[in-house]
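The structure follows.
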Amino acid sequence: MRWALIALCIAVDATAFAQTPPAGGHVTGDADFADAPVPRQREQADRRAARNLKILQRIGALPPASELAQVPVNDLQWPLRPVPGFDQFDYHGTKYFVDHDPRYPGFVQDYTCGTRTYDLASGYNHAGTDYYLWPFAWLMMDQGVVQVVAAAPGTIIEKDDGNFDRQCAFDGTSAANIVYVRQDDGLTAIYMHLRKGSLTTLPVGARVAAGDYLGLVGSSGQSTGPHLHFELRDANGAVVDPRHGECNAGPDRWAVFQPYEDPHIDTLSTHSAEPDQIACGVVNGANVDDAANYKSVFAPGDTLWVFASWRDQRNGEVTNFSILRPDGSIFEQWDFDLASQNLPSPFYSGTAFDWQYALPANAPAGEWQFKAVFEGQTYVRTFEVSVIDAASAAHARSQIGTNATRCRPASGQALPGCSP
């Protein structure tokens, strides 16, 4: 992640709200949430999976070929799931797709003939789809708020756990925590970069249904941030892209169509200080997390920070923001267009910006609203203004996980109610 350049507001037409420049923000950088398997380690995992598959076939533990032929092509379900109690609008961005151009380096082509993919000088062409945690990736990883689940029914044929899960760069040696599932459609799904100690307790040979828990999102192996690398292979080991497009003649395999760009607000939140999104979850050998500084109960006269994050945001897609008093009257109102930031690209798969306001000394007590209208959809986050000492008010629901590193839940469990 990198700091976005904050520019002066631009002129708008008379019917629009005033543009208010954000105090700060982040956008996803070119190298964020990338991955590349260490060839030797990946080959070893592939060999173990192939050996286990042969054993399971020999003992009759897999569906026969006659049953595989009956499985519909578009059977894939979404491979991520938030834990109970997660109260934001979404939790992810989609960074990279399968690279369909076998040349390297610098020859990339995703399934739409676009460039949302990558290759490396080592000869690696990105072989899956990368779904990353957003906007506070390391904090969300440590909170364990997003689970990896099986995208289709099948049989576990390989799993590897216990590897370091806070990788931030390619070091050429790190192994990923990984699960292989031989799906009933005959493809093998590979779920990579999972959090250490989070993998399902089901053994190799166990059956899973679509939606069954496999692990938690992490950053194990050669990875530059917490994300799930989801990869499909056919019986011959060839990469299968589950998205159909101009540069991929294969069928679309998702039960629910996944658009190439899916503009959406992931989160709206309120804070006591400007949120800090970190690039790496380790500093000088110590685990660190994003400093979200969540706060949802304020006193009159307090400083209010409001924060919004988007996925797939493009220049020209205007967000209308407003802060409303308990009686519905407008306290503040403004527009935001990514184009106002004069960034190098007109499109980013993940963005986040914040604004600072001072609540007046006579701010009315009650439930206020932080509201956004984006691409025809309305998003609302409520917060309280109380005349009593905010520190003694009810603990804010969004402050959960401030001690996330020492409150990491066990595999498959819901997020615990960690208190600061």
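Which value, in debye to the nearest 20, gives the size of the charge dipole of the chain about its Cα centre, when Lys and Arg are +1 and Asp and Glu are -1 at the Cβ?
Computed charge dipole of the chain: roughly 1400 debye.
Would you list, by chain and number, the lysines whose Cα falls below 22 Å from the Cα of K159, excluding same-chain residues fewer than 8 positions away?
K54, K196
On to the next question. Please give the net charge around G366, taking every other residue with its beta carbon less than 9 angstrom from that of G366, where Lys and Arg add +1 and Asp and Glu add -1.
-2
Let me ask something else. What are the ³J(HN,Hα) values, in whole Hz, obtained from phi via the Karplus relation 6.51 cos²θ - 1.76 cosθ + 1.60 with θ = phi - 60°, for each residue of region 116-128 in sequence order, with x given for Gly and Pro?
7, 7, 7, 9, 10, 5, 5, x, 7, 9, 3, 10, x
In addition: Say we join alpha carbon atoms closer than 10 Å with springs in a Gaussian network model of the chain; which of G245, G281, G128 then has the biggest fluctuation?
G245
Show me 334-345, 180-191 ranked by packing, highest mean number of other Cβ atoms within 10 Å first.
Descending packing order for the listed peptides: 180-191, 334-345.
Please list 3J(HN,Hα) in residue order for region 48-53, calculated via the Karplus relation 6.51 cos²θ - 1.76 cosθ + 1.60 where θ = phi - 60°; whole Hz, with x for glycine and proline.
Karplus values, whole Hz, x for Gly and Pro: 5, 5, 5, 5, 5, 4.
Shifting gears a bit: With charges set only on the Cβ (+1 for Lys and Arg, -1 for Asp and Glu), what does the dipole of region 39-240 come to about its Cα centre, in debye to the nearest 20?
Roughly 560 debye for region 39-240.
Further question on the same structure: As an exercise, use a Förster radius of 35 Å and the Cβ-Cβ distance of R40 and A339 to find the FRET efficiency, rounded to the nearest 0.05.
The formula returns an efficiency of 0.15 here.
Could you pull out every residue, at least 5 positions away or on a different chain, whose amide H is within less than 5 Å of the one on G24? Hs are placed 1.01 Å off N in the peptide plane, and Pro or chain starts have none.
Residues meeting the criterion, in which the H sits 1.01 Å from N, are D354.
If you don't mind, another one. May I ask for the net charge around T20, where only other residues with Cβ less than 13 Å from the Cβ of T20 are counted and Lys, Arg are +1 while Asp, Glu are -1?
With Lys, Arg at +1 and Asp, Glu at -1, the neighbours total -4.
Can you give the three extents of the C-alpha atoms in region 39-240 along their principal axes, from longest to shortest, in whole Å?
That gives 45, 44, 32 Å along the principal axes, largest extent first.
Hey, can you grab everything whose amide H is under 5 Å from the amide H of F298? Only 5+ residues off in sequence or another chain; H modelled, so Pro and N-termini drop out.
The list, which skips near neighbours in sequence, is E384, V385, S386.
How charged is the neighbourhood of G221? Take every other residue with its Cβ under 15 Å from the Cβ of G221, and add Lys/Arg as +1 and Asp/Glu as -1.
Taking every Cβ under 15 Å from that of G221, the sum is -4.
Further question on the same structure: Within straight cross-link reach of K371, meaning Cα distance under 24 Å, which lysines are found once same-chain residues fewer than 8 apart are removed?
Correct list for K371: K295.
How would you classify the chain from its alpha-carbon gyration tensor, with a ≥ b ≥ c the square roots of the eigenvalues: rounded for a/c under 1.5, else prolate if a/b is greater than b/c, otherwise oblate?
Verdict is prolate for the chain.
In addition: Using a simple charge model, +1 on the beta-carbon of Lys and Arg, -1 on the beta-carbon of Asp and Glu, nothing else, what dipole does region 111-208 show about its Cα centre, in debye to the nearest 20?
140
Picking from I157, I55, I278, which is most flexible by a Gaussian network model of the chain using Cα springs under 10 Å?
Judging by the Gaussian network model, the answer is I55.
Apply the Karplus curve 6.51 cos²θ - 1.76 cosθ + 1.60, θ = phi - 60°, to the phi angles in region 260-277 and return the couplings in whole Hz, x for Gly and Pro.
Calculated HN-Hα couplings, in order: 5, 10, 10, x, 6, 7, 7, 9, 10, 7, 10, 8, 7, 8, 4, x, 10, 8 Hz.
I want to verify a result. In a Gaussian network model of the chain, Cα cutoff 10 Å, which of these has the top mean-square fluctuation: Y91, Y124, Y294?
Result: Y124 has the largest fluctuation of those listed.
List every residue whose amide H lies under 5 Å from the amide H of D266, counting only residues 5 or more places away in sequence or on a different chain, with H placed 1.01 Å from N in the peptide plane.
S309, W310, R311
All of the numbers you see were taken from the coordinates with simple rules; none came from a lab. Not measured: the values here are computed from a predicted model. With ideal geometry, Cβ positions are generated from the backbone for all residues, glycine too; neighbour counts draw on all protein chains shown.
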